[in-house]
Each structure stands twice: as structure tokens, then as C-alpha cells.
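In what follows, a single structure is set out as C-alpha cells and then discussed.
The values are calculated or read from the model by the stated rules, or taken from the named source; none is laboratory data. The structure displayed is predicted, hence computed values, not measured ones. FYI the Cβ positions are ideal-geometry reconstructions off the backbone, even for glycines, and counts take in every protein chain you see. Note: areas computed on protein heavy atoms with side chains; ligands, DNA, RNA excluded. Shrake-Rupley method; radii C 1.70, N 1.55, O 1.52, S 1.80 Å.
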Amino acid sequence: MNDSAIQPMHRLFIGGAWLATSQTLPVIDPSSGATVAAIARGGAAEIDAAVRAGLAARAGAWGALDATDRGRLMMRLAELIRRDTDILARIESEDVGKPVGQARADAIVLARYFEYYGGAADKVHGETIPFQKNYTVLTVYEPIGVTGHIIPWNYPMQMMGRSVAPALAMGNAVVLKPAEDTSLSALHLAWLAEEAGFPPGSFNVVTGLGEEAGAALAAHPGIGHVSFTGSPEVGALVQAAAGRNSIPVTLELGGKSPQIVFADAPIDEAAATITRGISQNSGQTCSAGSRVLIEERIYDSFVANLAARFRTLRVGAADQELDCGPVVNAAQKQRIGRYLDLARRDGLPILAEGSLAGNAPPGGFYVKPTLIGDVPADHPLAQEEIFGPVLVAIRVKDEAEALRVANATPYGLVAGVWTADIARGLRLAHGISVGQVFVNNYGAAGGVELPFGGTKRSGHGREKGFEALYGFATLKTIAIKHAS
Ligand code: NAD
């Protein structure tokens, strides 16, 4: 990488300045396995500096801005993101390994978050409360202070937009810790925030390892809220660290989301959407519909339909624009491989696989999309998050069994229901314990406007939509006594 627009990549953005660290971390291109750049390895000292910069910004220029002016700055940043869509797409594609077209779509979603929350910045109203006649009581939403944001590597641009934009809209100063594998787009966003004119310290980015920079951010006493997106294991550590400071956390964790298909479903549309949902981003999507629950009487024909689609899927380097790029790193490839080995060991039928492009560089982290049939609902492949392009098919007798199996994992993030019977769709929508249910679609095209989050081990708190703004604010009640 030698693009002048991504020069700040070796540095941290703290208090409006670009700072170097003595140690760096390699940036590896998942398509080839080659080291292509380096990022700064920030730790506890840099996190402390960033939190202090955030506190100073809150007490200074950032805290002094009206909500409307904050919103204008965010809109300006959205324009710059749109201007740099191609640069951001190229950075993200090389960093994450996702096809450039998918990375471009992510850049547009990043802009949408700043547009949506920029527009919302001056629209979060409090209330007045009827009380005794000699009182006027009102509520106001205030910024929390400095908020910490720890994000994963699968959709860096979408995740940081989703988490950081509502926090800024509410007037918080933010400290963003991107994933060590995929930090470049966060650095470019900081570069654009500087150009947009965000006051120093309002937006800080500290790159580094999770157990160093991430842990220091979660535990910092100057932080008022932590928004964490990532694995349940690390989420529990973050919650424990935040608990020691008695501050709230938003946890957006993993999923094992069911796609339920009944005989009266729009079959081809369901099969196409389900295939896309698990192959997109090489299955590294928290809300991927990774279990398909199929009504018994169409099981054989539906898995045949899916299998035909899986055989057409092609995997290769991110710049080839195929269905799937590589997965993010060698460890992720090994993890998925262990689940595929387990399927073979337990005699589960591998119904179809995609193919690897002949010109895929040999050092890349490639995994073929795989469809596995007749998986028992309690098998680890049907219970655990694989986070790869692996779809498991499960037979269900009827609606009652579908509901029981849908709810029988530790996760509760998203569900899809495919049926022409809208009453059945609604019964299941109410019955399944998840944060989002889609009937006869899946994902509603990303829906920046739609609140998102989990139940059970998928986490708590909501991001996206207007709802997210309340998570990044503190409510104050003011009671004024006067002559009646
Ligand atoms: P991860 O938990 O390993 O890492 C996530 C982030 O936490 C990274 O920035 C990492 O550096 C940091 N981190 C690691 N150790 C830490 C520590 N001890 N203290 C503080 N921070 C630490 O997750 P991952 O492997 O990057 O991402 C995959 C997981 O994220 C999957 O489980 C996936 O389902 C989940 N995810 C969830 C959502 C959602 O919205 N629910 C979205 C995307 C990904």
C-alpha cells in the first residue's frame, strides 16, 4: 500500500494529533498472506492520553457546540466518506479480504450512519412531567462524557459507523479501538474527521492489541460507557472491567441465527437469500443465517435447491470480485476447518461445496462455502458460531418444532421466517427470542434505521435506529418549585 491518502496508518489519532508508537503490528493481506503495512501498537498509556483528550474536548470546543452544529459536522464527514468511497473500499478490501464491491457497500453504510445520526443530533427531546401544581418537571438527555468503542474485524466500517456516530450525535467524545487485524479504515475515518473540522479530542483512534489497548479502554475510569462488538468471551471480560467502574456497556456479540423455511414459502427467493446471507463476507457476519430449519415435507427439494446454488459459489482474492474472498486470518481458517473436520468425523453429509478460483494466491486464507445436511439440532455445528461460509440444514416437523429448535441455542440475535402464512410468520416473530425477526426477507437491506442487538448470549443494548441514541445519553430530571 502506498496511497498518499492512507499515510496515517502507522499512527494513532489522539487529541487531534497523529502520534507514533515505538512498536508496530503487521497488516496482513488475507488474500495472499503477505504483510503489506504496519499499524501503531497503542497500549494503556495511549488509551489514557486519548481518554484525557476526550475529557478536554468535552470541557472545551466539542462540549460547547450546539446539537445542530454537531449534526452539521457529522453531515460534512458523511460527504467526505462518500467522496472517498473508492479509497475506503480499497483499504477495507485489502485489509479484511472482502471483495471490493462489498467493501464499497460498507463505505456507503458508514456514510449513512453519519447522515442518519447527524440528522438526529438535534432531535432527541426530553419531556415535561405532570406533577404537583407548584412544580415544573422536565427531563433532558445529556452526553455521558467519553465513550469507548471496541469493534471487530468483520465489518470494520459498518461497526464503527454504527457505534461511533450515535455517540458523537449525543455530544460524547469517543475513543475508538479497532480490531488489530483491520484498523486501516478507522484511521482513514479519523483523517476525514480532521478534514471535516471535528474539534481535537472529540474523535480519537487508538490501534493496538485487544488485551493491551482494548482491555485498557474497557477498564479506564475516565470512560462513561463502553460499546463492545465482538465475541461473547471477550464481551464478558469487557463487561467485568466496566462493572468495576460501575458504567454501562452495550454488548453486540455473536449469533447462530435460524432461517426457517415452510413449504408455502417463496422457495427460490428464500434459497437465494439464504445462500447469499451465509456466503456474503465469507460467512463472517454476526447476524448470518447460519442454521436453516426446513419443514420436513420440502426438506429434500429445498436442500437440493440450496446445494445447486452452493456449487456455483466461487472463492478467490478480494480484487477478483467473486462471491467470497478469503477469511480474515489463518486462525479463523483453522477454526472453520475444525468444524468441517467434526462434520466429517460425525458422518454428517456434505451436500455441496463452492470452488476455489485457479488464480487464488497460494498463501491466502480461503475456505469453500459448504452446505451440511441432516445436522441434529443439538450438534455443535448447530449450536456454536462457526463464523465462516458454512450452512447447516436441520429438519423440522412443523411450526411447533421450528419454534423450539429456533430458540434452543445460547444465542438470540436474528431470525428469518419464510412462509406465505402471515399469521404463522407473526406467531414465530413473537415467539423467537432474538433482537430482530425478518419475515420473507433477511436483513432488510442492512437497515441503518432499524434497532439491532441481541438477547441471551448475543448481548444486550441496542445499536442502529433512533434507539441507539438513548444508549449514549444520560437522562436528567429537573424539578423546579415555583409559586402556583
Ligand atoms: P473478538 O472478541 O476477539 O475481538 C473484538 C474486539 O475486541 C477487537 O477489537 C479486539 O482487539 C478486542 N479485544 C480482544 N481482547 C480484548 C480484551 N481482553 N479486552 C478488550 N478488548 C479486547 O471478536 P472478533 O474475533 O474480532 O469478532 C468476531 C466476533 O464478533 C464473533 O463472535 C461475531 O459474531 C461478533 N460480532 C458481533 C456483531 C454484533 O453486532 N452482534 C457484529 C460483528 C461481530
Out of (1) surrounded by 22 or more Cβ atoms within 10 Å (Cβ to Cβ); (2) over 27 Å from A38 (Cα atoms), what's the single condition that is false for F131? (1)
Lone unmet requirement of (1) of a type outside the set (S, T, Y); (2) under 23 Å from P389 (Cα atoms); (3) in contact with a Gly (Cβ under 9 Å, 6 or more places away or on another chain) for I267: (3)
When (1) more than 16 Å from the ligand (Cβ to nearest atom); (2) buried (at least 18 other Cβ atoms within 10 Å of the Cβ) are applied to A242, the one that fails is (1)
Hey, any hits in region 138-145 for a residue that's surrounded by 24 or more Cβ atoms within 10 Å (Cβ to Cβ) and among the hydrophobic types (A, V, I, L, M, F, W, C)? no
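Of everything in region 126-185, what is acidic (D, E) and part of a strand (DSSP E or B)? Give them in sequence order. Lay out the reasoning, then the answer.
First, pick out the residues of region 126-185 that are acidic (D, E): 127, 142, 180-181.
Result: E142, single match.
Take region 436-465 and flag every residue that is over 21 Å from R276 (Cα atoms), touching a Phe, Trp or Tyr at 6+ places or on another chain (Cβ under 9 Å) and in contact (Cβ under 8 Å) with a residue 24 or more places away in the chain.
To start, the set of residues in region 436-465 that are over 21 Å from R276 (Cα atoms) comprises 449, 451, 453-465.
Applying the additional criterion that residues be touching a Phe, Trp or Tyr at 6+ places or on another chain (Cβ under 9 Å) yields 449, 451, 454-459, 462-465.
Across region 436-465, the qualifying residues are E449, G454, T455, K456, R457, S458, G459, R462, E463, K464.
It is to be established whether one or more residues within region 95-102 are at pLDDT 95 or above, open to solvent by 10 Å² or more (accessible area, probe 1.4 Å) and under 23 Å from G197 (Cα atoms).
Start the filter on region 95-102 by keeping residues that are at pLDDT 95 or above, which leaves 95-102.
Still in the list and also open to solvent by 10 Å² or more (accessible area, probe 1.4 Å): 100-102.
Next, only the ones that are under 23 Å from G197 (Cα atoms) stay: none.
Checked against the condition, which is being at pLDDT 95 or above, open to solvent by 10 Å² or more (accessible area, probe 1.4 Å) and under 23 Å from G197 (Cα atoms), region 95-102 yields no hits at all.
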Does V249 satisfy being more than 30 Å from V238 (Cβ to Cβ), hydrophobic (A, V, I, L, M, F, W, C), touching a Gly at 6+ places or on another chain (Cβ under 8 Å) and open to solvent by 10 Å² or more (accessible area, probe 1.4 Å)? no
Residue pairs qualifying under the 7 Å Cβ cut-off, at least six apart or on distinct chains, with the first in region 393-410 being touching a residue at least 24 places away in the same chain (Cβ under 8 Å) and the second being aromatic (F, W, Y) and surrounded by fewer than 22 Cβ atoms within 10 Å (Cβ to Cβ), are R395/Y299
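Filter region 245-254 down to the residues that are modelled with pLDDT of 95 or more and in a loop (DSSP other than H, G, I, E, B), then identify the one that is farthest from the ligand (Cβ to nearest atom). Explain how you work it out, then say what you get.
From region 245-254, those modelled with pLDDT of 95 or more are 245-253; that's our starting set.
Imposing the further condition that a residue be in a loop (DSSP other than H, G, I, E, B) reduces the set to 245-248, 253.
Details: N245: 14, S246: 18, I247: 14, P248: 16, L253: 5 Å.
Ranking the candidates gives S246 first.
I want to confirm something. Restricting to region 393-415 and keeping residues that are within 16 Å of the ligand (Cβ to nearest atom) and of a type outside the set (F, W, Y), which single residue is most open to solvent (accessible area, probe 1.4 Å)?
Checking each candidate, the answer is P410.
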Set L371, L348: member being over 23 Å from the mean Cα position of the chain (by Cα) and surrounded by fewer than 21 Cβ atoms within 10 Å (Cβ to Cβ): L348
Scanning region 351-362 for residues that are of a type in the set (G, A, S), surrounded by fewer than 18 Cβ atoms within 10 Å (Cβ to Cβ) and modelled with pLDDT of 95 or more gives S355, A357
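Every residue, every condition in (1) within 16 Å of the ligand (Cβ to nearest atom); (2) open to solvent by 30 Å² or more (accessible area, probe 1.4 Å); (3) closer than 30 Å to T136 by Cα, yes or no:
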residue	(1), (2), (3)
A423	no, yes, no
G435	yes, no, no
V439	no, yes, no
G443	yes, no, no
F452	yes, no, no
R457	yes, yes, no
F466	no, yes, yes
K476	no, yes, yes
A483	no, yes, yes
Please determine, by comparing only the residues of region 192-208 that are of a type outside the set (A, V, I, L, M) and part of a strand (DSSP E or B), which one is farthest from the ligand (Cβ to nearest atom). F203
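State whether one or more residues within region 175-187 are away from the ligand (no atom under 16 Å from the Cβ) and in the same structural domain as A468 (by TED's automatic domain parsing).
Taking every residue of region 175-187 in turn, none turns out to be away from the ligand (no atom under 16 Å from the Cβ) and in the same structural domain as A468 (by TED's automatic domain parsing).
Helices (runs of 4 or more DSSP H) wholly in region 20-94 with at least 2 residues that are farther than 17 Å from D106 by Cβ and open to solvent by less than 20 Å² (accessible area, probe 1.4 Å) - which ones? Reasoning before the result, please.
Values: elements: 44-59, 61-64, 67-83.
Per the criteria, 44-59, 67-83.
Here is a yes/no grid of residues against (1) among the small types (G, A, S); (2) within 15 Å of the ligand (Cβ to nearest atom); (3) under 16 Å from A78 (Cβ atoms):
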residue	(1), (2), (3)
N154	no, yes, no
A190	yes, no, yes
G210	yes, yes, no
P221	no, no, no
S227	yes, yes, no
Just to confirm my filter: which helices (runs of 4 or more DSSP H) fall fully inside region 255-370 and include at least 1 residues that are within 16 Å of the ligand (Cβ to nearest atom) and in contact (Cβ under 8 Å) with a residue 12 or more places away in the chain? 267-279, 330-345
